[in-house]
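K.L.:
This is the structure, below, for whatever I ask next.
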Amino acid sequence: GNSVTQMEGPVTLSEEAFLTINCTYTATGYPSLFWYVQYPGEGLQLLLKATKADDKGSNKGFEATYRKETTSFHLEKGSVQVSDSAVYFCALIPTGNTPLVFGKGTRLSVIA
Amino acid sequence: GAGVSQSPSNKVTEKGKDVELRCDPISGHTALYWYRQSLGQGLEFLIYFQGNSAPDKSGLPSDRFSAERTGGSVSTLTIQRTQQEDSAVYLCASSPRDKYGYTFGSGTRLTVV
């Protein structure tokens, strides 16, 4: 079946540190890949996406590259800020008209 | 409206009671989704409506759960005879035809006591 596995948190970093949150997937065909973010007390927001192999999604300083050979979509940011503290979800849409499949989420805390 | 609206934002109910959760999607969005977010379990797909097609109910955990979407717009998720394990945040999302633009509501936090 289709599934997403992401590193368990919580992840605690100091401001300006480098961030990597690992995400790997299992899917048939050629899925589209997403990162969503949930800030405290708010709803889920789309952070970035990539729809085909080798695509790089980017937004707000975050990047992720669709790696088909390793079935991965790791999230990175060069210098995190306190305001990046949130829960990050990796997700995929399998080929065909089916709903998003989410990972379990990774909580990030950035301290000043 | 400008976003997906869910009500109530919080609901506390006694075990065995029925509850109804409401979702108002973005106007013009043809697809509507319900997810459940439990602590430590991530987001679990429940049900999906697309236009006038029959809904995809494959994620509903038991026959106590049902949902409808009236007039292709507002949706109601009903949980009958609530159990403590139903306690979670229930999220609704809508998207336009291209299915890549999911917009989520802020959710309904359900607590069964």
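A short reminder: the numbers here are calculations on the coordinates, not readings from a lab. Remember, it's a predicted structure, so these values are computed and weren't measured experimentally. All Cβ positions, even for glycine, are placed from backbone atoms using ideal geometry, and neighbour counts span all protein chains on display.
K.L.:
So how many Lys-Lys pairs in segment A:1-84 land under 18 Å Cα to Cα, not counting same-chain pairs under 8 apart?
P.N.:
Numbers: A:Lys49/A:Lys60; A:Lys49/A:Lys68; A:Lys49/A:Lys77; A:Lys52/A:Lys68; A:Lys56/A:Lys68; A:Lys56/A:Lys77; A:Lys60/A:Lys77.
Count of close lysine pairs: 7.
K.L.:
On to the next question. Fewest to most neighbouring Cβ within 10 Å: what's the order for A:Val80, A:Val11?
P.N.:
Working: A:Val80 22, A:Val11 17.
Least to most surrounded, the residues fall as A:Val11, A:Val80.
K.L.:
May I pose another question? Starting from the amide H of A:His74, placed 1.01 Å from N in the peptide plane, find each other amide H under 5 Å away whose residue is 5 or more places distant or on another chain.
P.N.:
Excluding prolines and chain starts, which carry no amide H, the hits are A:Cys23, A:Thr65.
K.L.:
Related question: What is the distance in Å between the Cα centroid of segment B:78-107 and that of segment A:1-76?
P.N.:
What the calculation gives is 21 Å, centre to centre.
K.L.:
Calculate, axis by axis, the spread of Cα positions in the protein assembly as shown along the three principal axes, and write the results as whole Å, longest axis first.
P.N.:
That gives 48, 38, 33 Å along the principal axes, largest extent first.
K.L.:
Principal axes first, then extents: for the Cα atoms of chain B, list largest minus smallest coordinate on each axis, whole Å, largest first.
P.N.:
39, 26, 26
K.L.:
Using a ≥ b ≥ c from the Cα gyration tensor of segment A:35-87 (square roots of the eigenvalues), is it rounded, prolate or oblate, where a/c under 1.5 gives rounded and otherwise the larger of a/b and b/c decides, a/b for prolate? Before the final figure, lay out each step's value.
P.N.:
On the way: a/c = 2.56, a/b = 1.80, b/c = 1.42.
Here segment A:35-87 falls in the prolate category.
K.L.:
While we're on this one: About its Cα centre, what dipole magnitude does chain B give when the only charges are +1 on Lys and Arg Cβ and -1 on Asp and Glu Cβ, stated in debye to the nearest 20?
P.N.:
Details: 12 positive and 11 negative charges, 14 e Å.
Using only the charged Cβ atoms, the result is roughly 60 debye.
K.L.:
Rg and Dmax of segment B:1-49, Cα atoms, in Å?
P.N.:
12.9, 37
K.L.:
Something else: Using alpha-carbon pairs under 8 Å, 6+ residues apart, how would you state the relative contact order of segment A:1-46 in percent?
P.N.:
It comes to 37 percent, rounded to a whole number.
K.L.:
Any aspartates and glutamates with Cα under 20 Å of the B:Lys15 Cα? List them, leaving off those in the same chain fewer than 8 positions away.
P.N.:
List returned: B:Asp63, B:Glu85, B:Asp86.
K.L.:
Same structure again: How big is the Cα convex hull of segment A:1-58 in projection, averaged over all directions, in nm²? Don't skip to the answer; put the middle values down first.
P.N.:
Details: hull surface 21.5 nm².
Convex hull of Cα atoms, orientation-averaged projection: 5.4 nm².
K.L.:
List the residues, sorted by chain then number, that are 5 or more residues from A:Leu48 or on another chain and whose placed amide H is less than 5 Å from its amide H.
P.N.:
It is A:Trp35, by chain and number.
K.L.:
When N counts the residues of chain A, how does its alpha-carbon radius of gyration compare numerically with 2.2 N^0.38 Å, as a ratio? All intermediate terms of the calculation are to be shown ahead of the outcome.
P.N.:
On the way: Rg = 13.5 Å, N = 112, 2.2 N^0.38 = 13.2 Å.
Output field value: 1.02.
K.L.:
Something else now. Could you please rank A:Leu100, B:Leu39, placing first whichever residue has the fewest other Cβ atoms within 10 Å of its Cβ?
P.N.:
Neighbour counts put them in this order, fewest first: B:Leu39, A:Leu100.
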